[in-house]
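Have a look at the structure below before the remarks.
The values are calculated or read from the model by the stated rules, or taken from the named source; none is laboratory data. Keep in mind it's a predicted model, so treat the numbers as computed, not measured. Here Cβ is always computed from backbone atoms with ideal geometry, including for glycine, and neighbour counts include all displayed protein chains. Calculation scope for accessible area: heavy atoms of the full protein, side chains included, ligands and nucleic acids excluded. Shrake-Rupley method; radii C 1.70, N 1.55, O 1.52, S 1.80 Å.
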Amino acid sequence: MASHAELPEQPDPSPGLDPAPAPAPAPAPAATPSRAAHTWASTWAVDPAGEPAAADEPWLPPMSSHEPPPLRQQAAPHPERDPAAPGRAPHPAASGNPRGLRPMAAMAAPDRDGELRRTFPALPPRAAADEDFAGTWWGNAWVTALEEGALDAARLARGRAYAERGHVDAITVTPGLVLAYVQGTRPRPYRVQVRLRTLGDDDWQRFLDAAVERPGHIAALLDKELPHSLADCGVPLLPGPGDLAPQCSCPDSGHPCKHAAALCYQTARLLDADPFVLLLLRGRGERDLLDALSRLNAARAARAAQDRGPAPLPGVRAGEALAARTRPPLPAPLPAPSHPEQPPAYPAAPGGPDPFALDQLATDAAARAHALLTTGRDPVGGLSLWQDAVRLAAARPGSGLTAGTRALYAALASAAGRGTAELARAVAAWRQGGPDGLDVLEDPWDPPAGRFDRARPLLLSAGLPAFRPWHNRLTHPRGHVQLRLGRTGLWYAYESEPGRDDWWPRGTPDLDPVGALTGLGGPGDL
């Protein structure tokens, strides 16, 4: 297989411009590489810098959008350099661990991240180039430190263009170090790192004290914000000019080269999204910081509570509560309205309640409220459920069981556990005498001697036959008329079909038993 020698990228001859690719040399004579050389060429990757990375630096894979970096191809073995030649030391490739090579399995991966190591995927290209590369004040402070410490504005411009076009691969952040591959003009990306001094224990303690001094500081950090007051607490949290120390595997000696500048610009975008990246660069992980802030905040609150002492109990002293004092008079009540107001009209809706029934309930509620306001008592407040159902049914105007009345009677009777016919009879008694009339209908009782005993002679003197007594009731011999004495001394007249014992209230109650029968017919009818 033919092989070509690979030329490294030369220093930037014109600042800010990529050099033109050098012409490839004439191919060497074809030769078959040794079996050992073929084995390590397919298993090991060359460090882009040409030397092993430091032990404390994570190793990152090449950019996923490019092919793996090509390996140097070996030319035909020279007699004096052939590792297999007799009397020569074995070639490093033959040992399986050549100097300057690292196994692919040792390269950085997100699954190796921990509290002090975070890997961020490659950021997408920017849609539009704004005047400020970063979106937050602390991200722009990072960019300012980069630009004020740079020696060549043209290299910065090229690095910014690289960052905007997405030439920076995944970025690994550890305490004091930012590391990534940056794609330049060569097929193989360059390994770039930017170092930043970590903070000491005293600086971190001052930072924690400043963070817990105001409750808004911790809330802002949790919202991925960095307050100005927290960054200006006397701790060098943000870098200044010259604090960023870039290194790149390219041969450009600029400070920084365009690849390092691209990594710095992309790091500013990481700081925009999460200021804890800056804190990690300074030496502390997010979880460690939040735990320390929580402990310090709890200790600070406990000390403050201890300094305040026990809070006074609410209340007044007993002497003040029991002291005699004159209360101001109540204001005069407003005059009561002369009559209840008319309720609004309720429209009929399919499947909804009867608007007439709603109007009746609203009118009844207004009348009760007016009576309570003017008299101080509710006229129907002491009624039972059955009595109130009878009262509501009796307040329905008109006579006869129309369709609407039948629906109302059925609903009220069902609510009270009675029948519709029973409710209709009770309504007649209520209309005759109110609650007393309903009591006369339903509860027979034994009246004391006096008014009840004098009623029979009065009926006889009026030309009526002798009525049969039973409890508080006097019944005509033919069984079609009856008088009932109420507990208030009024007589109530009832009628029934002869012999059926189906009594319905009739007429108007009267203190005179003969007067209660007025309107039920003449003496001949009775």
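Tell me, what is the FRET efficiency for A421 and A449 to the nearest 0.05, using R0 = 35 angstrom and their Cβ-Cβ distance as r?
Details: r = 36 Å, r/R0 = 1.03.
Efficiency for this residue pair is about 0.45.
Taking all protein chains in place and a 1.4 Å probe, what share, in percent, of the accessible surface of segment 281-350 do carbon and sulfur account for? Show your work: numbers first, answer last.
Working: 3680 of 6080 Å².
Roughly 61 percent, rounded to a whole number.
If one computes the Cα centroid of segment 268-322 and of segment 446-519, what distance in Å separates the two points?
Taking the Cα centre of each part, segment 268-322 and segment 446-519 sit 89 Å apart.
Could you state the accessible area per residue of segment 430-506 in Å², with a 1.4 Å probe and every protein chain left in place?
Details: 3920 Å² over 77 residues.
Averaged over the residues of segment 430-506, the accessible area is 51 Å².
What shape does segment 271-403 take by its C-alpha gyration tensor, where a ≥ b ≥ c are the square roots of the eigenvalues and a/c under 1.5 counts as rounded, a/b above b/c as prolate, and the rest as oblate? Let's see the in-between values first.
Values: a/c = 4.48, a/b = 1.94, b/c = 2.31.
The shape class here is oblate.
Hey, what's segment 273-399 come to in accessible area per residue, 1.4 Å probe, Å²?
Numbers: 8870 Å² over 127 residues.
Counting only protein heavy atoms, the per-residue value for segment 273-399 is 70 Å².
Tell me, what is the FRET efficiency for V316 and L373 to the nearest 0.05, using R0 = 51 angstrom and their Cβ-Cβ distance as r? Could the numbers behind the result be given before it?
Details: r = 35 Å, r/R0 = 0.69.
That gives a FRET efficiency of 0.90.
Taking θ as phi - 60°, what are the ³J(HN,Hα) couplings along segment 238-243 by the Karplus curve (6.51, -1.76, 1.60), each to the nearest whole Hz, with x for Gly and Pro?
8, x, x, x, x, 6
Got the relative contact order for segment 413-522 handy, in percent, Cα pairs under 8 Å and 6 or more residues apart? Show your work: numbers first, answer last.
Numbers: 169 pairs, mean separation 22.9, N = 110.
Relative contact order comes out at 21 percent.
Taking 2.2 N^0.38 Å as the expected size of a compact globular protein, what ratio does the Cα radius of gyration of segment 376-481 give against it, to two decimals? Intermediate results must be reported in sequence, preceding the final value.
Numbers: Rg = 17.3 Å, N = 106, 2.2 N^0.38 = 12.9 Å.
Its radius of gyration relative to the 2.2 N^0.38 Å reference: 1.34.
Using the beta-carbon distance between A466 and A365 and R0 = 45 Å, what value does 1/(1 + (r/R0)^6) give for FRET efficiency, to the nearest 0.05? Before the final figure, lay out each step's value.
Numbers: r = 50 Å, r/R0 = 1.10.
The formula returns an efficiency of 0.35 here.
Karplus couplings for segment 212-221 from phi (6.51 cos²θ - 1.76 cosθ + 1.60, θ = phi - 60°), rounded to Hz, Gly and Pro as x?
Once rounded to whole Hz, the list reads 8, 5, 10, x, x, 5, 5, 4, 5, 4.
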